[in-house]
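> The structure is given below, and queries will be raised subsequently.
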Amino acid sequence: MLLLNPGPVTLSERVRRSLLSPDLCHRESEFYDLQDALRARLLATHDLDPADWQAVLLTASGTAAVESMVASLVPTDGRVLVVENGVYGERIAQICARYQVPHERLTGAWLAAPDVAAIAARLDADRARAPFTHLAVVHHETTTGRLNDLTALSRVCRTRDVQLLVDGVSSFGAEAIDFSDRSLSAVAATANKCLHGVPGAAFVIVRRERLAQAVSRTFYLDLGRLAQLQDQRGTPFTPAVHAYYALLEALKEHADGGGWPARHARYAEFAEQVRAGLSALGIEPLLPPGESSVVLRAYHLPSGMSYATLHDALKADGFVIYAGQGDLSKTLFRVSTMGNVTADDLRRLIASFTRLAAR
Ligand SMILES: Cc1ncc(COP(=O)(O)O)c(C=O)c1O
């Protein structure tokens, strides 16, 4: 079965084999070597200086990394403006609400790009009374496949001394993230999407100076404590050792293949192959390619066909696609080309769609 859902991904044999690595006690030096290697490799994906940045590991899914970032990095006297144009932007606001992190939501239409002028105006409007200290945004809003424009958003933040917190769960490793931008404080992400590891390992890449001001609103997800212990070759809880093995191998494979730019290029080719194949069958993407990530595209369901019919027919041929979320489930389906996918696999996918269209 080929997974074309947005993670977990179809594993390469190399990563799958790493799951058979020796059993390891997490209180032994071998585990801390693994943890150190992982943290170094995560920083190396973007040539980040460990003196300035820290990769903090969590045994959890991507949501936990986002939760840890938001709950730990906004000080008690801070205030977050949350940019929402999909499910995952809404989730950041839900996390803020749950931890009583002072925040406002800037809610946009799910099909639209964030309104950068409106964001700037909102940041400016509250400047004198209760200034926003942080802007939180999803990089790739997996709900629709839209790639939110981090460059424009960080420009707005930089000129206003606002820190940017990024949910990079479905973009890290394949879409550009400019870590040299001073406004960027942290990016939360996971092993089992663009990095091609397995579920169970997530991480936050955070500026050390921002960690110095971290607060402790949560026990398990306390980013400051996790960072401190990991720096001392420690861990507070039992980590998902095998997910860590897999992430290390996945990061080696990522680097061997040319790092994130090469992965970006590979995904872009695959996304275009699928778009062109579906377009020939009259199935069109939701967003123009220039607005979409290379990681995942949302498409309009063929007229008269339910998602369930499409999903089941493709699954019978060995492909798992993904439904739209919320109201979009009635009109859209999504295809991601992350993981151990080849151009041949995608030719077979289009052939499967073609057979279905001819029924
Ligand atoms: C952008 C984004 N953020 C957060 C998540 C949540 O990740 P998880 O399901 O690993 O908790 C996802 C999952 O698809 C996502 O795409």
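The values are calculated or read from the model by the stated rules, or taken from the named source; none is laboratory data. It should be emphasised that the depicted structure is a prediction, and the values quoted were computed from it without experimental measurement. Positions of Cβ are generated from backbone atoms using ideal geometry, with glycine treated the same way; all protein chains shown enter the neighbour counts. Areas reflect the complete protein model, heavy atoms only, side chains present, ligands, DNA and RNA absent. Shrake-Rupley method; radii C 1.70, N 1.55, O 1.52, S 1.80 Å.
> Where only protein heavy atoms count, and the probe is 1.4 Å, what is the accessible area per residue for the chain in Å²?
Numbers: 14420 Å² over 359 residues.
On a per-residue basis, the chain sits at 40 Å².
> Okay, moving on. Quick one: Cα convex hull volume of region 63-114, Å³ per residue? Walk me through the numbers before you get to the answer.
Working: hull volume 3.5 nm³, N = 52.
Expressed per residue, the convex hull around the Cα atoms of region 63-114 is 68 Å³.
> Gaussian network model of the chain, Cα springs within a sub-10 Å range: biggest mean-square fluctuation belongs to which of 349, 20, 34?
Ranking 349, 20, 34 by mean-square fluctuation puts 20 first.
> Return the percentage of antiparallel bridges among DSSP beta bridges fully within the chain, rounded to the nearest 5 %. Numbers along the way, then the final one.
Details: 23 of 42 bridges.
Bridges in the chain are about 55 percent antiparallel.
> Tell me which lysines have Cα within less than 29 Å of residue 330's Cα, excluding those fewer than 8 residues away on the same chain?
193, 315
> Residues with beta-carbon under 11 Å from that of residue 284, excluding residue 284: net charge, scoring Lys, Arg +1 and Asp, Glu -1?
Working: positive: 275, 297; negative: none.
So the surrounding residues net to +2.
> Ok, one more. What dipole magnitude, in Debye to the nearest 20, does the chain give about its Cα centre under +1 on Lys/Arg Cβ and -1 on Asp/Glu Cβ?
Working: 37 positive and 39 negative charges, 97 e Å.
Charge dipole, the chain, about its Cα centre: 460 debye, nearest 20.
> Given the options 58, 81, 43, state which has the largest fluctuation in a GNM of the chain using a 10 Å cut-off (strictly under) for Cα springs.
43
> As a test of the formula, what do you get for the chain when each DSSP H run with n ≥ 4 contributes -39,500 (n - 2.57) and the sum is divided by the residue count, at 222 nm and rounded to the nearest 500 deg cm²/dmol?
Details: 12 runs with 141 residues, N = 359.
Helices in the chain give a 222 nm mean residue ellipticity of -12000 deg cm²/dmol.
> For region 170-310, restrict the atom set to alpha-carbon positions and state the Rg and Dmax in Å.
According to the Cα coordinates of region 170-310, Rg and Dmax are 19.2, 59 Å.
> Moving on to the next point. Output the Cα-based Rg and Dmax of the chain in Å, rounding Rg to one decimal and Dmax to a whole number.
Computed over the Cα atoms of the chain, radius of gyration and Dmax are 20.4, 64 Å.
> Still on this structure, I have one more. Rounded to the nearest angstrom and ordered from largest down, what semi-axes does the equivalent ellipsoid of region 80-200 get from its C-alpha gyration tensor (root of 5λ)?
23, 15, 14
> Over the chain, with every protein chain in place, what whole percent of the accessible area is carbon and sulfur at 1.4 Å, could you tell me?
On the way: 7500 of 14420 Å².
Here it works out to 52 percent.
> Once the piece of chain linking residue 320 and residue 182 is laid out straight, how much longer is it, given 0.36 nm per residue of separation minus the C-alpha distance between them?
Working: separation 138, 0.36 × 138 = 49.68 nm, distance 4.00 nm.
Stretched fully, the residue 320-residue 182 segment lengthens by 45.7 nm.
> Still on this structure, I have one more. Cα atoms only: what Rg and Dmax, in Å, come out for region 1-160?
Spelled out, the Cα radius of gyration and Dmax of region 1-160 are 19.0, 58 Å.
> Efficiency by 1/(1 + (r/R0)^6): what FRET value for residue 20 and residue 219, r their Cβ-Cβ distance, R0 = 30 Å, to the nearest 0.05? Please report the intermediate quantities before stating the final value.
Values: r = 33 Å, r/R0 = 1.10.
After rounding, the FRET efficiency stands at 0.35.
> Just to confirm the filter: which trypsin sites (Lys or Arg not before Pro) across region 12-104 are DSSP coil and have at most 11 other Cβ within 10 angstrom of their Cβ? Don't skip to the end; give the middle numbers.
Numbers: sites: 14, 16, 17, 27, 39, 41, 79, 91, 98; in loops: 27, 79.
Within region 12-104, the qualifying trypsin sites (Lys or Arg not before Pro) (loop, at most 11 other Cβ atoms within 10 Å) are 27.
> Could you give the DSSP H helices of the chain that reach 27 angstrom or more along their long axis (alpha carbon positions) and whose average Kyte-Doolittle hydropathy is no lower than -1.0?
Within the chain the helices that satisfy the rule are 259-279.
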